[in-house]
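Worksheet: the structure to be examined is printed underneath.
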Amino acid sequence: MSELFYDAAPNATRVAPERPKPRSYPAKPTEVTLFGTCVVDLFFPEAGLDAIRLLEREGIRVHFPQAQSCCGQPAWTSGYVNEAREVARAQLNLLDNDLPVVVPSGSCAGMFRQHYREVFAEEPDTLKRVESLAERTFELTEFLLHVCKVDWQDLGQPTQIALHTSCSARREMNTHLHARELLGKLANVERLDHDHESECCGFGGTFSVRMPEVSGAMVLDKTRSLRESGAAEMLTADGGCLLNINGSLEKQQQAFRGRHLASFLWERVSGEVTS
C-alpha cells in the first residue's frame with residue numbers, strides 16, 4: 001500500500017464528501033423529457049409509466065425518446081472510458097434541447113449532472129452542452145418537490161415504510177432529503193428509520209459481479225435492517241438497488257419486499273392499488 005494511505009488521518013477514507021450545494025429551481029415547465037434508465041425500462045417498466053403519470057398529473061407533457069439507452073455509468077465506473085464516452089455521447093445528442101430532463105433514478109441523474117463533466121473533460125465544445133444538460137437534469141422526487149411544488153391529498157390507507165437511497169444518489173443528488181420531504185407530505189405514510197439507511201446495499205453496478213461475496217454480505221446487512229425496522233415495505237428510487245435488495249430477500253425466502261418510489265407515490269395520490 002502507498003505511503004499516502006499509511007499517513008492518512010484516522011478514518012480519513014470515511015469522511016463524507018461535500019454535499020451538493022442547493023440549486024436554484026425554475027418555474028414549472030409545460031414539457032419535460034423523461035430519461036427512463038435502462039434498469040427501469042428492462043425490469044420495472046410500470047415504475048417508468050407511473051413516473052409519467054405523476055408528471056402528467058401536474059399538467060406536464062412528457063416526451064420519451066425511444067432511442068434512449070444507458071447513461072453510461074456502468075462502463076464509466078468500471079474503467080471503460082472510451083465505451084462510456086460513446087454511450088454518453090449518444091444520450092447527450094438525444095437530450096440536446098432546452099427541455100428539463102427528469103430521471104427516476106438518483107444515480108443516473110448524478111451521472112448526467114456530475115460525471116459527464118469528467119467523461120468529456122478533454123472536449124471543450126462538448127462540455128458546453130454537458131453543462132446545459134447538467135442544469136436541466138432533475139431526479140424525479142426533486143422535480144416533484146421543488147419544481148412542481150406538489151401539494152397532494154393522500155388517498156391510501158395508513159402504512160409504515162422504510163426508505164433506501166443509493167449511496168451515489170445520496171452523495172451527488174441529495175435524493176434522501178428530497179424523498180423524505182416528499183413522503184412527509186403524505187398524511188397516511190409514516191417513514192421508519194433503519195440503522196443501515198446510509199450504507200450501500202452492495203449492488204454498486206459491476207461491483208456486485210466482481211466481488212459477489214462482499215456484495216452479498218452487504219445486502220444481508222441491508223435486508224436485515226429493513227426487515228427489523230417494522231416497516232410494511234421498502235421504497236427506493238433506484239432500480240439497481242431494488243433489484244439487488246429484492247433478489248436477496250427472495251433468496252432468503254422472506255416475504256418483505258421493496259418497490260420503486262414512483263409506483264408508491266402514484267398509488268397514494270391516484271387511489272389506484274398497484275401492488
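The values are calculated or read from the model by the stated rules, or taken from the named source; none is laboratory data. Source: prediction; values computed, not measured. Every residue, glycine as well, gets a Cβ built from its backbone with ideal geometry; the counts of neighbours run over all protein chains shown. Calculation scope for accessible area: heavy atoms of the full protein, side chains included, ligands and nucleic acids excluded. Shrake-Rupley method; radii C 1.70, N 1.55, O 1.52, S 1.80 Å.
Counting helices only, and only those DSSP H runs with n ≥ 4, report the 222 nm mean residue ellipticity of the chain as the sum of -39,500 (n - 2.57) divided by its residues, in deg cm²/dmol to the nearest 500.
-13000 deg cm²/dmol
Pull up all non-local amide H partners of Thr137: gap of 5 or more, or a different chain, and H-to-H distance under 5 Å with H placed in the peptide plane.
Under 5 Å from the amide H of Thr137: Val101.
Would you mind working out the accessible area per residue for the chain, using a 1.4 Å probe, and quoting it in Å²?
Roughly 50 Å² per residue, with all protein chains present.
Using mean Cβ contacts within 10 Å as the protection proxy, how do 199-208, 243-252 order, highest first?
Result, highest mean first: 199-208, 243-252.
Mind listing the long-range amide H neighbours of Arg191? Cut-off is under 5 Å, sequence gap 5 or more, other chains count too, H placed in the peptide plane at 1.01 Å from N.
Amide H neighbours of Arg191, under 5 Å, 5+ apart: Ile161.
If ligands, DNA and RNA are left out, what is the accessible area of Cys70 with a 1.4 Å probe, given in Å² to the nearest 10?
Surface open to solvent at Cys70 totals about 30 Å².
What does the accessible area of Met211 come to, in Å² to the nearest 10, when a probe of 1.4 Å is used?
Looks like 90 Å² after rounding.
With all pairs of different alpha carbon atoms counted, what Kirkwood hydrodynamic radius in Å does region 171-245 show?
In region 171-245 this quantity evaluates to 13.4 Å.
Please work out the Cα center distance from region 147-215 to region 260-274, rounded to the nearest Å.
Answer, in whole Å: 15.
If amide hydrogens are placed 1.01 Å from N in the peptide plane, which non-local residues have theirs closer than 5 Å to the one on Cys71?
Here the answer is Cys38, since their amide H atoms fall under 5 Å of that of Cys71.
Around Gln73, with a cut-off of 13 angstrom between Cβ atoms, what is the net charge of the other residues, counting Lys and Arg +1 and Asp and Glu -1?
For residues surrounding Gln73, the net value is -2.
Counting only pairs 8 or more residues apart or on different chains, how many lysine pairs in the chain have their Cα atoms under 25 Å apart?
8
Does region 114-202 come out rounded, prolate or oblate by the C-alpha gyration tensor, with a ≥ b ≥ c the root eigenvalues, rounded set by a/c under 1.5 and, if not, prolate when a/b is larger than b/c and oblate if not?
oblate
Dimensions of the chain along principal axes (Cα, Å, largest first)?
Extents along the principal axes, in whole Å: 52, 47, 32.
Put Glu131, Glu197, Glu122, Glu213 in order of accessible area, largest first, 1.4 Å probe: what do you get?
The ranking, largest first, comes out as Glu122, Glu213, Glu131, Glu197.
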